[in-house]
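As structure tokens, the structure follows; a few thoughts come after it.
The values are calculated or read from the model by the stated rules, or taken from the named source; none is laboratory data. The structure presented is a predicted model; accordingly, all values stated were derived computationally and were not measured. Virtual Cβ from ideal backbone geometry, glycine too; neighbours counted across all protein chains shown.
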Amino acid sequence: MLIKPENIKWFYLVLLALIWGSSFILMKNALKGFSPMQVGALRIVFTAVVVLVWGFGRLKTIQAQHWKAIVLIALFSTIIPALLFPIAISHIDSSITAVINAVTPLNTIIIGFLIFGFTFRKDQILGVVIGFLGTASLILIGADTHPNQNYFYAIFVVVSSLGYALNVNLIKSKLHDLEPLAITVGPFALALLPMLFVLWYVGFFDVYQGTTVQNNALLYVGILALVGTAFSKVIFNKLVQISSPVFATSVTYLIPIIALIWGVWDGEKIVFWQVVSGFVILIGVYLANRKR
């Protein structure tokens, strides 16, 4: 094996950061051809088709005691974020949206402690706080750099991060005995029909004319669904099982760095202090995940 077993979680973490850090620019480009609701619904539909073809047989491994958690994941970590993120990106730079999403590890600790009774070490909490401070500085700098953007829509990203935080705690506490693919297939199987209804309701089938812009947007959504959702969800579910909720969600501290690089490439403005804040975030990741 090229990667040592003790390092596999770090490999997964970096791989997910690269994939999800690129997802925001994909959503931004998909919005050139479709509305935010259409992009979100298309992403879920495409992903659901892929994972059902890939792992339909895994549905039979989901037992009765698992379905409550699967339903919660389908709603709060699959449907709601997929719809809210494109709306946020239509009002805020994609790179800044990724930065705001970095509150997920903090929300993971809060939800894990209040709802699931998980305990965390002091150095983990310190690392999360430092990472959050780095994230907060990035948000403030971004707001100062882009005064014309509507940061009210940052609320949509925070709500989505709460859904992600609930997701990892549910996987760790309720679904630890399921295969990662089964944990992925279940929520998307539940989300498929509701998202087809959303596509019909928002008029996708009426407005789609097969133009070059729309076809390019479909390509971006397809990549987002296949790599940024279907494949990465399986990897993430495996990461949660072999590590801790805090470690798994610390990927959201690395995502902004990748997203900022894509943002600069796409013409979004970045300043020196945003780079400094990025290093602060990395320090927080190290502290939150180092061995005792």
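Would you mind finding the one in ILE8, ILE3 that is in a loop (DSSP other than H, G, I, E, B) and modelled with pLDDT under 95? Outline the logic, then answer.
On the way: ILE8 fails: in a loop (DSSP other than H, G, I, E, B).
Within the list ILE8, ILE3, the selection yields ILE3.
Here are LEU84, LEU15, LEU59, LEU72: which of them is assigned to a helix (DSSP H, G or I), over 17 Å from the mean Cα position of the chain (by Cα) and touching a residue at least 12 places away in the same chain (Cβ under 8 Å)? After applying the criteria, what remains is LEU59. Against the list (1) farther than 26 Å from ILE111 by Cβ; (2) in contact (Cβ under 8 Å) with a residue 12 or more places away in the chain, the condition PHE236 fails is (1).
Being over 26 Å from LEU178 (Cβ atoms), crowded, with 19+ Cβ neighbours inside 10 Å, of a type in the set (A, V, I, L, M, F, W, C) and free of Cβ contacts under 8 Å to residues at least 60 places away in the same chain is true for just one of LEU138, LEU106. Which residue is that?
Numbers: LEU138 fails: free of Cβ contacts under 8 Å to residues at least 60 places away in the same chain.
After applying the criteria, what remains is LEU106.
Each row is one residue, and each column tells you yes or no for (1) in contact with a Ser or Thr (Cβ under 9 Å, 6 or more places away or on another chain); (2) surrounded by 21 or more Cβ atoms within 10 Å (Cβ to Cβ); (3) assigned to a helix (DSSP H, G or I); (4) among the hydrophobic types (A, V, I, L, M, F, W, C).
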residue	(1), (2), (3), (4)
LEU178	yes, yes, no, yes
ALA189	no, no, yes, yes
LEU196	no, no, yes, yes
LEU199	no, no, yes, yes
ASN215	no, no, yes, no
ALA230	yes, yes, yes, yes
LYS233	yes, yes, yes, no
LYS238	no, no, yes, no
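Residues considered: LYS174, LYS122. Of these, the only one that is at pLDDT 85 or above and among the basic types (Lys, Arg) is LYS174.
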